[in-house]
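Enquirer: Shown below is the structure under consideration.
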Amino acid sequence: AFPRQIAMYLCRTLTDSSLQAIGEQFGGRDHGTVIHACKAVENMIDQDDGVKQTIEHLKTQLTRG
């Protein structure tokens, strides 16, 4: 579940997609699920430097043009 939450978080932070649109792309999940995922990842970023570094690395890789 955590990799999916990270993917939802990255979609939310790197795109202009709505919560509903993101949820639909992840198997028809509810917008509340996306909100929960984003909050869970934000909490992990605050608590774990390893997670923070991983997220930053993924963002860098995804935004390279």
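The values are calculated or read from the model by the stated rules, or taken from the named source; none is laboratory data. As the structure is a computational prediction, the values presented were derived from the model and not from experiment. Neighbour counts are summed over all protein chains in view; Cβ atoms, including those assigned to glycine, are modelled from backbone coordinates with ideal geometry. Protein only, heavy atoms only, side chains kept; ligands, DNA and RNA dropped before computing areas. Shrake-Rupley method; radii C 1.70, N 1.55, O 1.52, S 1.80 Å.
Enquirer: Counting only C-alpha contacts under 8 Å and six or more residues apart, can you give the relative contact order of segment 1-44 as a whole percent? Before the final figure, lay out the partial values.
Expert: Numbers: 38 pairs, mean separation 18.7, N = 44.
Relative contact order, segment 1-44: 43 percent.
Enquirer: Ok, one more. Using the heavy atoms of the protein chains alone and a 1.4 angstrom probe, what is the accessible area of the chain per residue in square angstrom?
Expert: Averaged over the residues of the chain, the accessible area is 68 Å².
Enquirer: Between E56 and N43, what is the label-point separation in nm under the 7 Å Cα-to-beta-carbon projection?
Expert: Between N43 and E56, the simple spin-label model gives 2.3 nm.
Enquirer: Have a look at T33, I55, T15 and report the one farthest towards the positive end of the charge dipole of the chain, computed about the Cα centre with Cβ charges (Lys/Arg +1, Asp/Glu -1).
Expert: So the residue furthest toward the plus end is T15.
Enquirer: About its Cα centre, what dipole magnitude does the chain give when the only charges are +1 on Lys and Arg Cβ and -1 on Asp and Glu Cβ, stated in debye to the nearest 20?
Expert: Numbers: 7 positive and 8 negative charges, 32 e Å.
Computed about the Cα centre, the dipole is about 160 debye.
Enquirer: Working from Cα positions, state the angle (0 to 90°, nearest 10) between the long axis of helix 31-47 and the longest principal axis of the chain.
Expert: 10 degrees
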